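The values are calculated or read from the model by the stated rules, or taken from the named source; none is laboratory data. Nothing here was measured: the structure is a model prediction, and the numbers come from that model. Cβ: placed from backbone, ideal geometry, glycine included. Neighbour counts: every protein chain shown.
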Amino acid sequence: MEALFEQLCVLADMALDGRGLDPARLDGVLALFDSEARAELAAAEEEHEVVARGTEAAVEAAQGHLNAVMDAAVGKYRGSSGEADALSAATAAMEMAFKTTTPSRIQ
């Protein structure tokens, strides 16, 4: 692109100095600019696609990790909740057994 800018500057200088402007040469330089710009756009789009796919993969991995952590936390909570329920049921059963086996005057 730098060389194309230099060619445009030369053409502009020639036109300003009164040496004339060669429209065919200007069209050639502009056509080169067009093809260079399209090639750079295609390269930028390809790079964007690569980065986007990488980002999507990273997001999916992060979501998978988050889901695993959340599942583990929920499982741990349910387990501790279940343990608390079991302990509460055992305590209630012991209290009921104690009440039924002890004489009524001690209660």
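You will find that of L87, L32, the residue that is at pLDDT 85 or above and in a helix (DSSP H, G or I) is L32 and no other.
Of all residues in the stretch 1-28, none that is over 25 Å from E40 (Cα atoms) has its Cβ atom under 7 Å from the Cβ atom of a residue that is part of a helix (DSSP H, G or I) and acidic (D, E), 6 or more apart or on another chain. Here I106 passes the criteria (1) among the β-branched types (V, I, T); (2) in a helix (DSSP H, G or I); (3) at pLDDT below 90 except the one numbered (2). Filtering the stretch 17-36 to residues that are among the hydrophobic types (A, V, I, L, M, F, W, C) and under 16 Å from E6 (Cα atoms) leaves L21, L26, V29, L30, A31, L32, F33. Among the conditions (1) at pLDDT 75 or above; (2) over 21 Å from E2 (Cβ atoms), E47 misses just one, which is (2). All conditions in (1) touching a helix residue (DSSP H, G or I) at 6+ places or on another chain (Cβ under 8 Å); (2) among the aliphatic types (A, V, I, L, M); (3) surrounded by 12 or more Cβ atoms within 10 Å (Cβ to Cβ) hold for A15, with the sole exception of (1).
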